[in-house]
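The values are calculated or read from the model by the stated rules, or taken from the named source; none is laboratory data. Nothing here was measured: the structure is a model prediction, and the numbers come from that model. A quick note on method: Cβ atoms are made from the backbone with ideal geometry, for glycine too, and the neighbour counts reach across all protein chains shown. All accessible areas refer to the heavy atoms of the entire protein, side chains included, with ligands and DNA or RNA removed. Shrake-Rupley method; radii C 1.70, N 1.55, O 1.52, S 1.80 Å.
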Amino acid sequence: MRIREFTESDWVQVWPIIEDVITAGETFPYDPAWPAEVAYDVWVERPPGRTVVADEDGRILGTAKMGANRSGPGSHVATASFMVAADARGRGVGRALAEYALDRARRDGYAAMQFNAVVETNEAAVALYRRLGFAVIGTVPEAFTHPRLGRVGLHVMHRPL
């Protein structure tokens, strides 16, 4: 598996991953009614941000987007988001994408990385981010409506680089 820059031709494989994740409604605060065009505009970062894919022999296993968390005085803090194909979960794809994002943020000169909305019931992601050195610095109570669990919190997670 290699992590590489997203190309336009990747969208045909990236969109089903995004559609599956947002339709499930368990881990991302994206509207499941979004058409592909809206999802593309949200997911595919414009420079200086970047979007990447985890590619294994031409098959996209996952994708990530990354860049500054905020502009202006907050632009020294990076952020990133990750999605992994359902049949590729548990194979280290998410970890590889997260490690890539952390390394890229360091090389780009960011001082820290912050995730603004990690669904607290997304135990796999929370555990991974903790193993990578992130701490939960706050939780917004009942900020996410989970399809089975009702309203749950959104963690803000942070780590210095």
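Tabulated values for the structure
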| item | result |
| --- | --- |
| Odd one out for A105 among (1) touching a Lys or Arg at 6+ places or on another chain (Cβ under 6 Å); (2) touching a residue at least 40 places away in the same chain (Cβ under 8 Å); (3) of a type outside the set (D, E) | (1) |
| Sole exception among (1) in contact (Cβ under 8 Å) with a residue 24 or more places away in the chain; (2) assigned to a helix (DSSP H, G or I); (3) closer than 17 Å to N116 by Cα; (4) hydrophobic (A, V, I, L, M, F, W, C) for A78, by number | (2) |
| Selection count, the range 7-28, where residues are β-branched (V, I, T), part of a loop (DSSP other than H, G, I, E, B) and either under 12 Å from A39 (Cα atoms) or in contact (Cβ under 8 Å) with a residue 60 or more places away in the chain (or both) | 1 |
| Criterion (surrounded by fewer than 17 Cβ atoms within 10 Å (Cβ to Cβ), without any contact (Cβ under 8 Å) to a residue 24 or more places away in the chain and assigned to a loop (DSSP other than H, G, I, E, B)) met by exactly one of P47, P73 | P47 |
| Extreme residue, nearest to N69 (Cα to Cα), among residues of the range 87-139 that are of a type in the set (V, I, T) and open to solvent by less than 30 Å² (accessible area, probe 1.4 Å) | V118 |
| Restricting the range 15-35 to residues that are more than 24 Å from V126 (Cβ to Cβ) and surrounded by 15 or more Cβ atoms within 10 Å (Cβ to Cβ), the residue that is nearest to the chain's Cα centre (by Cα) | W15 |
| Residue in the range 42-60 that is charged (D, E, K, R) and farther than 18 Å from V93 by Cα present | yes |
| Residue check, G153 of a type outside the set (F, W, Y) and touching an Asp or Glu at 6+ places or on another chain (Cβ under 8 Å) | yes |
| Filtered residues of the range 120-150 (kept if over 20 Å from A78 (Cβ atoms), outside any helix (DSSP H, G or I) and touching a helix residue (DSSP H, G or I) at 6+ places or on another chain (Cβ under 8 Å)) | E120, P147 |
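Residue-by-condition table, conditions (1) closer than 30 Å to R148 by Cα; (2) touching a Phe, Trp or Tyr at 6+ places or on another chain (Cβ under 6 Å); (3) loosely packed, with under 14 Cβ neighbours inside 10 Å; (4) modelled with pLDDT of 95 or more:
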site	(1), (2), (3), (4)
T7	no, no, yes, yes
V38	yes, no, yes, yes
A54	yes, no, no, yes
M83	yes, no, no, yes
